[in-house]
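The values are calculated or read from the model by the stated rules, or taken from the named source; none is laboratory data. Just so we're clear, the structure is a prediction, and the values are computed from it rather than from any experiment. When we count neighbours, we look across all protein chains shown, and the Cβ atoms used for this are built from the backbone with ideal geometry, even at glycine.
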Amino acid sequence: MWRYLFGRLLLLIIVVIGVTALTFLMMYYTPGDPAAIIAIARYGGPESLSSDLISWIRHQEGLDAPIYIQYAKWLHHIFYLDMGRSLITDEPVFDKIFSRFPATLQLALASMLIYLLIAIPIGILSAVKQNSLIDYLSDIGVLVGVSMPSFWLALILILFFSIYLGWLPVCGSQGLSYLILPATTLGIGIAATTTRIVRSSMLDVLGQNYIRTARAKGLKEAIVIGKHALKNAMIPIVTIAGLQFASLLEGAVVVETIFAWPGVGRLLVDSINQRDFPMIQGCVLFIAIIFVLANLLVDCSYVYLDPRVRYNRRHQV
Amino acid sequence: MNLLHINDLHVNFSTKAGQVRVLSGFCLDIEKGSSICLVGESGCGKTIVALSIMRLLPENAQVSGEIQFKDRDLLILEKEEIRQIRGHEISMIFEQPASCLNPVFTVGDQIAESVRANGLCKKNEARDAAIELMRLTGIPSPKKRFDQYPHEFSGGMLQRVMISIAMASKPALLIADEPTTSLDVTVQAQIVELIKDLITKFGMSLLLITHDLGVAAELCRDVAVMYAGEIVESGCLNEVFRHPKHPYTKALLRAISDDGLRPIKGSVPELTNLPEGCWFHPRCPFAEDQCRLSKPELKNGIRCHLWKKN
Amino acid sequence: MSGRIQTSKMFQKPIVMKPYALELLNFIKGNCRVMVGCGLIFFLFLIAVSAPLIAPNDPIEQHRGHYLQPPSWQYPFGTDDLGRCIFSRLVYGTQISLLISVMVVGVTAIIGTSIGLISGFAGGAVDEVLMRIVDILLAFPGLILALVIAGLLGPGLFNVMLALAIVGWTGYARVVRGCVLAEKEKGFVEATRALGGSKYYIMFRHIMPEVLAPVIVMAALGMGGTILSASALGFLGLGSQPPAPEWGSMLNEGRTFLQLAPYCTIFPGLAIMLTVLAFNFLGDGLRDVMDPWKKKRLEI
């Protein structure tokens, strides 16, 4: 178990260094002088730019050092949880991201709840009633679901529920009613792929010998499906939950932007538009950490679900 | 009185290759307390008989005929009614016990479940009942084993677990489908012994499915030899094994006789492409013109045109 | 005990009727999807090629006084806030979407397959390094990485394609490498070697068909995925720049007038969905037809 955790930690470090180094390199070589951005943001409009001011800022912020020194410095600061300051607002990046994180977490958990509530029942039903009308309809629903752009779905939901019916607020984050539309948008998109996986993994399990044994015991069909089949089918479902989490984060970027949801995704998009380099770097780092940790969590629940893995782990280490 | 009476059972599978006839006009009677064995090469439909009785055939199977069990036709029972018979009055054990137990639940849980399934006892008593069953089937230190998972058991122990599950309600009929096939020879003997003890102790009837004639001889009084989905010879096991009449039975017995292996020439015909006349004639050393033209009926427990001659 | 033959009561009580037709239907469904998908894709390419003939108006011409007009004969899908014909823009937008997806999928499939082949054949340190790079890329949400890359490179069609290509090749590399490794395991490779044949030649001959099927399926599904990703980036303001009629950015421009002129957003969204659906139909169908038994592996 410890060896496994260590391996994961190593991957985390490699991923963080890889991804941040890539972004760092790109920031360095792409248009947009950070010093000029600071000058415009903090000291007035473009007309106030003078080369003296810019070189002063450049020196002040350590931007005149070679790229590897800058990167090393940045990495060094990370150990003290210091991700630098925003070029635009001068706020500490770390504080900013952590103030935005609860909103993203709330959105992610809510949409997770929605997609599980949609995908598990429909997936099971279409597997149990394979080739029935339900199966066929859910298949079409899945195809439409995976082909639908989430931002378009968001706009259609707004159009219908907020503008025509006036039931739900268009955007913002003042309460639970503000969460419904973004979470639904995000949930539906992921529900489509999840339904497909639930169905195929359920079909796989239903063909297993132990399901026949369970039926031969005279168990009620509800127990055969709900207990014996479901717990086994959950193993692949949980395995891909890590990948689903990636789609969740990707979707969050778009959905948060549309619904003006104050999460990390929208922060990233805003920072990109403003070329706020430390903030972009901070968000990338943060998302990498969250993603790896989520996968770690997935692996742990996997161990809980499958006693064979538990057994092997115990005996290996 | 017959406990089980199978009459004119036909089973077809609809597959991509078309309709496949796996059982045609299968008839069998099992008396109360008797033991009968179905033998034959793989793919001759032995397991299909068992699954038809349990109504556990896959959905693409079409079944007709009748299976009378205690004066009820199992084939026309409602789903709920057949569920109450499964595991309660008829139990089944399978080959490859490792794949037949659910890997994510403890062994004890799976035994206790079958005790509870038919309302045999209260929830809190199920554990004790399950441990009692494990003791009955000779699983050492059942209290400790109760909380272990199938992958922590050996093949022989898993088959004992399967038998515990089947014995939960002391059924009237036990169907054992190749119960010893995947086990070591020494373990096989133990399992055979266990099944033998249990059927005598509780007066159960046994329907054994096997291609191991040794196991059949050990456990059963009667035998039915199957070929390509129908019975070719049936009768008292001693009689059939000592004086086989049908050429197929003879070949089958000779195949495992003491003076080395003598395989039966050719292989089981494809069920989609059965020969004209007697289905065994392409492989039969005695085949005559008659055999190629008309299909023999089952008369006096034998399906052969020529048995009086030979 | 006795066995008796009785007068046949054939199919008197059918228990479960499962017609053979259903099985057949399942098979045709794959083919049928391929056909529908191919048909739609052909139709879309036709639109893209003959855009000047189909579009009733110029896609970037601003018709004064015709701002945000509802659908009419002159403007079948209405006009946007600058008085441009939405239908014509969508028709011309087909060119952009198909160009992006063909380019990105072409490049990623070729690069990914080559890297997978190299990794699988070479093994050892080369394999280790390449697969760690794949691991790193897969350990970060792809679209977000593409967003950051495209954002840093600056808006523009080429940059979007570049960003999507950087993150897109990993899937192909993994699957192809898996195929190569599976093939290496097989006995005949050893046997050929023992006979003095070239290991690589024989493996190549056997691997190409093995590799091609999943790569084609992934490419078909990847076309749809690429269009979705590209339009998402366009929606976030990173795609091709105005006045180019890119579907995602059209949606972005239209959403300001969602209440006033919903047709500005509804139609571009439908265009995206239809196109992605076409490729998904093709990909799904191909997967069913080509190798039903490998279905599970590709579904994830």
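The condition (being among the small types (Gly, Ala, Ser), in contact with a strand residue (DSSP E or B) (Cβ under 8 Å, 6 or more places away or on another chain) and not in a loop (DSSP other than H, G, I, E, B)) is satisfied by just one residue among B:Ala189, B:Ala251, B:Ala217, B:Ala176: B:Ala176. In summary, helices (runs of 4 or more DSSP H) completely within the stretch A:228-317 and bearing 1 or more residues that are closer than 23 Å to A:Phe101 by Cα and more than 8 Å from chain C (Cβ to nearest Cβ) occur at A:241-258, A:264-274, A:277-305.
Given the structure, is B:Gln159 more than 27 Å from the chain's Cα centre (by Cα) and under 18 Å from B:Pro97 (Cα atoms)? It is false that B:Gln159 is more than 27 Å from the chain's Cα centre (by Cα) and under 18 Å from B:Pro97 (Cα atoms).
Annotation note: Cβ proximity below 8 Å between a residue of the stretch C:253-277 that is of a type in the set (D, E, K, R) and a residue that is surrounded by fewer than 20 Cβ atoms within 10 Å (Cβ to Cβ) (sequence gap 6+ or interchain) occurs for C:Glu253/C:Asp81; C:Glu253/C:Pro242. Among the residues of the stretch B:192-222, which ones are within 14 Å of chain C (Cβ to nearest Cβ) and either in contact with an Asp or Glu (Cβ under 8 Å, 6 or more places away or on another chain) or among the charged types (D, E, K, R) (or both)? Of everything in the stretch B:192-222, those that are within 14 Å of chain C (Cβ to nearest Cβ) and either in contact with an Asp or Glu (Cβ under 8 Å, 6 or more places away or on another chain) or among the charged types (D, E, K, R) (or both) turn out to be B:Ser205, B:Arg221, B:Asp222. Scan the stretch B:159-173 and give yes if some residue there is of a type in the set (A, V, I, L, M, F, W, C), in a strand (DSSP E or B) and closer than 17 Å to B:Ser114 by Cα, otherwise no. Within the stretch B:159-173, one or more residues are of a type in the set (A, V, I, L, M, F, W, C), in a strand (DSSP E or B) and closer than 17 Å to B:Ser114 by Cα.
Checking each residue in the stretch A:81-122 for being at pLDDT 90 or above, touching a helix residue (DSSP H, G or I) at 6+ places or on another chain (Cβ under 6 Å) and among the hydroxyl-bearing types (Ser, Thr, Tyr) picks out A:Thr104, A:Ser111, A:Tyr115.
When B:Arg221 is tested against (1) more than 19 Å from the chain's Cα centre (by Cα); (2) under 30 Å from B:Gly33 (Cβ atoms); (3) surrounded by fewer than 20 Cβ atoms within 10 Å (Cβ to Cβ); (4) basic (Lys, Arg), just one condition goes unmet, and that condition is (1). The single residue among B:Gln110, B:Gln62, B:Gln19 that is farther than 20 Å from B:Leu208 by Cβ and modelled with pLDDT of 90 or more turns out to be B:Gln110. Residue count for the stretch A:141-155 satisfying the condition of being more than 7 Å from every other protein chain (Cβ to nearest Cβ) and within 15 Å of C:Phe257 (Cα to Cα): 1.
Every residue, every condition in (1) within 18 Å of C:Ala230 (Cα to Cα); (2) buried (at least 18 other Cβ atoms within 10 Å of the Cβ); (3) of a type outside the set (Lys, Arg), yes or no:
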residue: C:Gly116; (1), (2), (3): no, yes, yes
residue: C:Gly124; (1), (2), (3): no, no, yes
residue: C:Gly178; (1), (2), (3): no, no, yes
residue: C:Lys186; (1), (2), (3): no, no, no
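Residues in the stretch C:241-251 that are surrounded by fewer than 24 Cβ atoms within 10 Å (Cβ to Cβ) and either closer than 12 Å to A:Phe151 by Cβ or touching a Gly at 6+ places or on another chain (Cβ under 9 Å) (or both): C:Gln241, C:Ala244.
Taking the stretch C:143-157 as the range and being modelled with pLDDT of 90 or more and surrounded by fewer than 19 Cβ atoms within 10 Å (Cβ to Cβ) as the test, no residue passes.
Within the stretch B:26-63, restricting attention to residues that are in a loop (DSSP other than H, G, I, E, B) and at the interface with chain C (Cβ under 10 Å from one of its Cβ atoms), the residue that is surrounded by the most Cβ atoms within 10 Å (Cβ to Cβ) is B:Arg55.
Residues checked against (1) surrounded by fewer than 23 Cβ atoms within 10 Å (Cβ to Cβ); (2) closer than 30 Å to B:Ala117 by Cα; (3) at pLDDT below 90:
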position: A:Leu186; (1), (2), (3): no, no, no
position: A:Ile223; (1), (2), (3): yes, yes, yes
position: A:Thr239; (1), (2), (3): yes, no, yes
position: A:Asp276; (1), (2), (3): no, no, yes
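When residues in the stretch C:143-153 are screened for being within 7 Å of another protein chain (Cβ to nearest Cβ) and in contact (Cβ under 8 Å) with a residue 40 or more places away in the chain, 3 of them pass. In this structure, B:Ala117 does satisfy being aliphatic (A, V, I, L, M), at negative phi and within 27 Å of the chain's Cα centre (by Cα).
If you go through the stretch C:69-113 and pick out every residue that is in contact with a Pro (Cβ under 6 Å, 6 or more places away or on another chain) and closer than 29 Å to C:Leu164 by Cα, you end up with 5. Does B:Ser99 satisfy being touching a strand residue (DSSP E or B) at 6+ places or on another chain (Cβ under 6 Å) and hydroxyl-bearing (Ser, Thr, Tyr)? Considered against the rule, which asks whether it is touching a strand residue (DSSP E or B) at 6+ places or on another chain (Cβ under 6 Å) and hydroxyl-bearing (Ser, Thr, Tyr), B:Ser99 comes out as no.
In the set (1) surrounded by 24 or more Cβ atoms within 10 Å (Cβ to Cβ); (2) within 11 Å of chain A (Cβ to nearest Cβ), C:Gly222 fails one condition alone, (2). Name the single residue, out of those in the stretch B:77-107 being in a helix (DSSP H, G or I) and without any contact (Cβ under 8 Å) to a residue 40 or more places away in the chain, that is surrounded by the most Cβ atoms within 10 Å (Cβ to Cβ). Top of the filtered list is B:Ile85.
Hey, any hits in the stretch A:197-211 for a residue that's outside any helix (DSSP H, G or I) and not aliphatic (A, V, I, L, M)? Among the residues of the stretch A:197-211, at least one is outside any helix (DSSP H, G or I) and not aliphatic (A, V, I, L, M), which makes the answer yes. Here B:Gly18, B:Gly33 are screened, and the one residue that is over 13 Å from B:Leu173 (Cα atoms) and of a type in the set (Gly, Ala, Ser) is B:Gly18.
Of the residues examined, B:Ile111 is one that is more than 9 Å from chain A (Cβ to nearest Cβ), part of a helix (DSSP H, G or I) and in contact with a helix residue (DSSP H, G or I) (Cβ under 6 Å, 6 or more places away or on another chain). Against the test of being at the interface with another protein chain (Cβ under 10 Å from one of its Cβ atoms) and either surrounded by fewer than 22 Cβ atoms within 10 Å (Cβ to Cβ) or touching a residue at least 40 places away in the same chain (Cβ under 8 Å) (or both), the options A:Tyr178, A:Tyr136 yield a single qualifying residue, A:Tyr136. Count of the stretch A:201-222 residues, restricted to those that are free of Cβ contacts under 8 Å to residues at least 12 places away in the same chain and facing another protein chain (nearest Cβ under 8 Å), is 10. The sole residue among B:Ala117, B:Ala126 that is surrounded by fewer than 24 Cβ atoms within 10 Å (Cβ to Cβ), within 11 Å of chain A (Cβ to nearest Cβ), small (Gly, Ala, Ser) and free of Cβ contacts under 8 Å to residues at least 60 places away in the same chain is B:Ala117.
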